[in-house]
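The values are calculated or read from the model by the stated rules, or taken from the named source; none is laboratory data. This is a predicted model, so every value here is computed, not measured. Ideal geometry is used to build each Cβ from the backbone, glycine not excepted, and the neighbour counts take in all protein chains shown. Each accessible area value is taken on the protein alone, full model and side chains, heavy atoms only, with ligands, DNA and RNA left out. Shrake-Rupley method; radii C 1.70, N 1.55, O 1.52, S 1.80 Å.
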Amino acid sequence: MRRFGLLHRVMSTRAGAFGVLAVGLLLIVAVFAPWVALHNPNAIAPMDRLQGPSLAHFFGTDQLGRDLFSRIVYGTRIAVGVSVVVMSISLGIGILLGIVAAYAPRAIDQVIVSIFDIINSFPRLILALALVAVLGAGLTNVILLVSVVFIPQFGRVARAQTVAIRNSLYLEAEQVLGAQPWRILLHHVLPNIIGPIFVLASMNIPVVITIEAGLSFLGVGIRAPLASWGGLLHDGYTFLDQSPWLAVFSGLALMLATLGFTLLGEALRDAIDPKLRQSR
């Protein structure tokens with residue numbers, strides 16, 4: 001019932017409802033891509049290159065005659081899959097490092113925080129571009145290296161939240177009663193810090209999508225023949241004078257994803273934070 005109450009609060013505004021619907025649509029397309037796509041996304045048909053929208057090809061075709069609708073559908077799977085995996089890795093490692101920093105001796109805490117500060121001192125896209133350029137492109141490298149970019153953000157939030165509650169009276173009472181440290185962390189610390197971190201993760205998903213698209217647009221991200229919205233945008237820019245449809249439809253897909261996840265994240269933040277709810 002509490003989950004449905006949260007969903008009701010998220011969808012109580014137009015922005016939240018739009019975010020839920022947009023994200024739901026993207027998730028459905030990503031999960032059921034083989035059934036949503038009408039053609040093989042990598043099937044080349046040179047005779048049909050750069051065609052406009054038609055009944056045979058809803059969004060037209062690209063420079064190799066591949067069905068653009070099918071490639072955007074599979075690009076949705078790449079965008080959503082990369083963002084979810086990146087957020088999972090960053091969130092898990094960030095929470096672990098944040099809790100360790102909060103409970104560790106001051107010297108170790110300073111080392112961890114300093115590493116966070118060094119990584120955060122670089123713009124995210126520039127740092128991701130530099131790491132991918134050094135270690136190479138490809139789906140696996142993009143996921144791992146973009147995850148590194150977001151770990152400090154989750155780590156700092158987890159550390160701050162843990163420091164705020166580690167000396168609480170109920171935690172001291174648990175220690176007096178003989179509770180093991182792992183039990184205190186799993187049953188008391190983690191449940192109290194996961195809410196703000198989860199909201200932060202949902203608001204960072206569109207950032208991950210745009211970084212992945214930016215890397216693919218620059219040619220150092222997802223490699224062909226995998227379909228990426230950034231790669232489709234690059235092709236659209238290259239052949240813009242011959243057919244605008246590649247740039248138009250891939251750009252609309254990217255815009256829908258970033259707008260949907262952004263609005264959902266903001267609505268989720270407002271629904272979870274009692275102070276924001278009371279201010280309305």
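Please report the carbon-and-sulfur percent of the accessible area for the chain; probe 1.4 Å, protein heavy atoms only, DNA, RNA and ligands left out.
Ligands and nucleic acids excluded, carbon and sulfur give 69 percent.
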query = Using a Förster distance of 45 Å, how high is the FRET efficiency between A164 and I44, based on the Cβ-Cβ distance and rounded to 0.05?
reply = 0.20
query = Per residue, what volume in Å³ does the convex hull of the Cα atoms of the chain enclose?
reply = 162
ask   = Using unit Cβ charges (K, R positive; D, E negative) and no other charged atoms, how large, in debye to the nearest 20, is the dipole of segment 1-136 about its Cα centre?
value = 420
query = So how tilted is helix 190-217 from the main axis of the chain? Cα-based, degrees 0 to 90, rounded to 10.
reply = 30
key: Integer Hz, Karplus 6.51/-1.76/1.60 couplings in order for segment 239-247, x for Gly and Pro   = 10, 4, 6, 9, 7, x, 5, 4, 5
message = Could you compute how much accessible surface M11 exposes when probed at 1.4 Å, giving the result in Å² to the nearest 10?
response = 80
message = Can you give the FRET efficiency to the nearest 0.05 for L190 and V84, using r as the Cβ-Cβ distance and R₀ = 22 Å?
response = 0.60
message = Given a 1.4 angstrom probe, what's the average accessible area per residue across the chain, in square angstrom?
response = 53
inquiry  = Ordering I112, I44 by accessible area with a probe of 1.4 Å, largest first, what comes out?
reply    = I44, I112
inquiry  = Give me the dipole magnitude in Debye, nearest 20, for the chain about the Cα centre, with unit charges on the beta carbon: positive for Lys and Arg, negative for Asp and Glu.
reply    = 680
request  = Using only Cα atoms, tell me the angle between helix 139-165 and the longest principal axis of the chain; keep it within 0 to 90° and round to the nearest 10.
outcome  = 30
inquiry  = Quick one: 3J(HN,Hα) in Hz for segment 12-28, Karplus 6.51/-1.76/1.60 with θ = phi - 60°, rounded, Gly and Pro as x.
reply    = 6, 10, 5, 5, x, 5, 4, x, 4, 5, 5, 5, x, 4, 5, 5, 4
query = Angle between the Cα long axis of helix 106-120 and the longest principal axis of the chain, 0 to 90 degrees, nearest 10?
reply = 20
task = List the extent of the Cα atoms of segment 1-108 along each of their three principal axes, largest first, rounded to whole Å.
result = 67, 39, 21
